[in-house]
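Data first, discussion second: the structure below is written as structure tokens.
The values are calculated or read from the model by the stated rules, or taken from the named source; none is laboratory data. Note that the structure is a prediction, hence the values are computed from the model and not measured. Heads up, the Cβs are rebuilt from the backbone with ideal geometry, glycines too, and the neighbour counts pull from every protein chain shown.
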Amino acid sequence: MKCQVLIVCVLIFLWLGAGIPARAQCVFDPVEYVNPLMGTQSTYELSTGNTYPAIARPWGMNFWMPQTGKMGDGWAYVYTANKIRGFKQTHQPSPWINDYGQFSLMPVVGTPEFDQDKRASWFSHKGEVAKPYYYKVYLAEHDVVTEFTTTDRAALFRFTFPENERSYVVVDAFDRGSFVKIVGNNRIEGYTTRNSGGVPGNFKNYFVIEFDKSFEYRHTFADGKLSDELYQQANHTGSVIGFRTEKGEKVHARVASSFISLEQAERNLKELGDDDFDALVEKGKTEWNEVLGAIQVEGGSLDQYRVFYSCLYRSVLFPRKFYEFDAAGNIVHYSPYNGNVLSGYMYTDMGFWDTFRCLFPLLNLVYPSRNREIQEGLINTYKESGFFPEWASPGHRGCMVGNNSASVLADAYLKGVRVADVEALYAGLVHGTEHVHPKASSTGRLGNEYYNKLGYVPYNVGINESAARTLEYAYDDWCIYRLAKALGRPEEEIDKYAKRAMNYKHLFDPETKLMRGKNQDGSFMTPFSPLKWGDAFTEGNSWHYTWSVFHDPQGLIDLMGGKETFVRMLDSVFAVPPLFDASYYGGVIHEIREMTVMNMGNYAHGNQPIQHMIYLYNYAGQPWKAQYWLREVMNRMYTPGPDGYCGDEDNGQTSAWYVFSAMGFYPVCPGTDQYVLGAPLFPRVTINFENGKKMQIIASGNDDGHRYVERMRLNRKVYTKNYITHADLLKGGRIEFRMSEQPNRLRGIGDADVPYSFSLKRE
């Protein structure tokens, strides 16, 4: 492979005799393009990602982060903050969902301050280094440099202290029930129970901390009072340990936690092995490069590399491991659903309303072995709770709408990512169509009794966001139909879900040519404003949700009166000003504001419902419009800086959209074997599949002035279709695009070029 911008070229000088440089060695180093601070310049009012710098291993059980926010604040790290309160173990998937299993370490000098405000230190981003595998910052108030690196379930800290007779480390176990114990001269044990819901009554996160320097000062605190007691159990506990330090002295702390027991936390601590800090950093870097190196991009700008690999990094963080290894090396997990310790995989901290769209399809394509573990964990969730999750953190949470576990599980099975217990897979999906979780109403199907009888959830029966639910249930039914057919289920079952897959038609209003809430008596809700956010829809309006017919764009085209009208409706999304009606919320929510500031009309890329819309031009004979608008979105709505996203990043979904779109294709309809084409961002992309095959995507002449596809070849054969199949990609080979300044209005316009629609062919 040629050494280009993406390749870090290291000159190795071998001084032999007269000293002549011998050779250059090329090292592929994608992790160094990642900016973990991308998306951290967010507020409650306006999100530019709502991310935090997650220092972790890919899909690791525990993440670590610098904490700028107060205890319990979902915005735990924001770029505009100037003080750090501690370094926190976190499992937070979103500020809106908040955290659990959290505790922190904080070095201080002079006075053993343990209060979160009094111990806080000024810092500067100029004195901060954030990488996926390593974090470093200078704490000005204490003249201490803090560094840490992680494994899946453990972390290693390195504190560089000044010369001081009173150097301390505060361990904060947080409030809402915690315990700490100082053991001997170098060890702290404890647990934290703080959570944000979705846990059984016996939930605890146990931790152990071992220092390589003996304690000379040993105190604990409970509910604001410092004590010389070595043991505390109260609402809010912690410990303060201290020692004399010399200038530049490095003190290490080995940290691990477990959801099972203190003994298991001790076992997890062994993940650190005998490696010193620098060796562990290198191991973390190596693992990240292995995962990120599955996709290699070349020929773009430095900022494009930074955005791409930062997005890929975000795409492989969630869902997180929630399993551990027992003394015999067996996979076990604490069940966040029933409180028992059970065998098998468990992953969590994921909302399917966001991620079914392309995050899970990315895992199926590039990381299928990882997703197989995740899918087995979902089977365990069903067996332990009676439901597949829709939002889990760590157990069932009441958030968002839909029954999109059907998409996540069916798409994986249909793409060869198979679970062992297929009967449980199908039974769980069917159960979810007829039941709703008694405590988390977003799990299962709220309003199923109406939907299954009428074909829609009525607007006027006290169930909010009824139209959004209907549209998503219809697509989810299509996913179950596809799975039922693949499993050879009885014809009456297959037909039932095939018929329900067409329920989206009940909400189509021929007058406005948009989706509209419908009352129980069959009449459309009035008054109707297509620009009204919420109400019948979820975090969007009718203009956003009308396109949520993933499985049958042709059916939607027919309802609108043909391709010409369909394209005109698509165009209108960008053409109209960013008008909105926020009356349902009683004020402008951040998703609305994020749409209005982007200068792309009513296109709201910062939220998920409309993210596939641009690709729908491929179904209506004008793929060049998709090519244009996709490049606009990538150029205008993603940057590598702290304000890098255009809304919530949402567990990898908004990131995975960029990863797919930059490669040149996108899974409009998970459950099919097709990816709908856009146009690649980079002149060259190489996907290294787990099966050992490689797919090279070459886009000759590609730059911002040449964003249109003039011609495409697949393995040297002219290719006119507006999609490519999963099987064709996995075979490996070569896709060649010839890019142009002007659109080719004759390519991809034939009937055979159109991607899958249920109305065209049932398969």
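Annotations
- Applying the criterion of at least 3 residues that are in contact (Cβ under 8 Å) with a residue 40 or more places away in the chain and closer than 19 Å to S257 by Cα to the strands (runs of 3 or more DSSP E) found wholly in region 129-244 leaves 144-150, 154-161, 164-172, 178-183, 187-192, 205-211, 231-234.
- Against the numbered list (1) in contact with a Gly (Cβ under 8 Å, 6 or more places away or on another chain); (2) crowded, with 24+ Cβ neighbours inside 10 Å, Y584 comes up short only at (2).
- First in region 423-439 and over 21 Å from R397 (Cβ atoms), second anywhere and surrounded by 15 or more Cβ atoms within 10 Å (Cβ to Cβ) and of a type in the set (V, I, T), Cβ under 9 Å, 6 or more apart: A424/I379; L425/I379; L425/V419; Y426/I480; V430/I480
- Of the set (1) part of a helix (DSSP H, G or I); (2) of a type in the set (S, T, N, Q); (3) under 20 Å from the mean Cα position of the chain (by Cα), all apply to S442 but (1).
- Scope region 336-347; condition closer than 23 Å to K439 by Cα and touching a Gly at 6+ places or on another chain (Cβ under 8 Å); matching residues: P336, Y337, G339, M346, Y347
- Within region 383-421, if we keep just the residues that are part of a loop (DSSP other than H, G, I, E, B) and of a type in the set (F, W, Y), the residue that is surrounded by the fewest Cβ atoms within 10 Å (Cβ to Cβ) turns out to be F387.
- Output for region 88-104, where each listed residue is surrounded by fewer than 23 Cβ atoms within 10 Å (Cβ to Cβ) and either hydrophobic (A, V, I, L, M, F, W, C) or more than 30 Å from Y347 (Cβ to Cβ) (or both): W96, I97
- E690 touching a residue at least 24 places away in the same chain (Cβ under 8 Å) and in contact with a helix residue (DSSP H, G or I) (Cβ under 8 Å, 6 or more places away or on another chain): yes
- Restricting attention to region 31-49, the residues being buried (at least 24 other Cβ atoms within 10 Å of the Cβ) and either among the polar types (S, T, N, Q) or not in a loop (DSSP other than H, G, I, E, B) (or both) number 4.
- Taking the criterion of being within 22 Å of the chain's Cα centre (by Cα) and part of a loop (DSSP other than H, G, I, E, B), the residues of region 647-677 that qualify are G647, D648, E649, D650, N651, G652, G664, P667, V668, C669, G671.
- So R158, is it more than 33 Å from the chain's Cα centre (by Cα), closer than 20 Å to L269 by Cβ and not small (G, A, S): no
- Of all the residues in region 67-106, those that are over 20 Å from L156 (Cβ atoms) and not in a strand (DSSP E or B) number 25.
- Elements of type helices (runs of 4 or more DSSP H) in region 264-375, at least 2 residues being β-branched (V, I, T): 277-292
- Out of Y456, Y475, Y497, Y451, one residue alone is closer than 17 Å to G432 by Cα, in a loop (DSSP other than H, G, I, E, B) and at pLDDT 95 or above. It is Y456.
- Residues satisfying the stated conditions in region 448-476, i.e. closer than 15 Å to R500 by Cβ, buried (at least 24 other Cβ atoms within 10 Å of the Cβ) and either touching a strand residue (DSSP E or B) at 6+ places or on another chain (Cβ under 7 Å) or of a type outside the set (F, W, Y) (or both): Y456, V457, R469, T470, L471, E472, A474, D476
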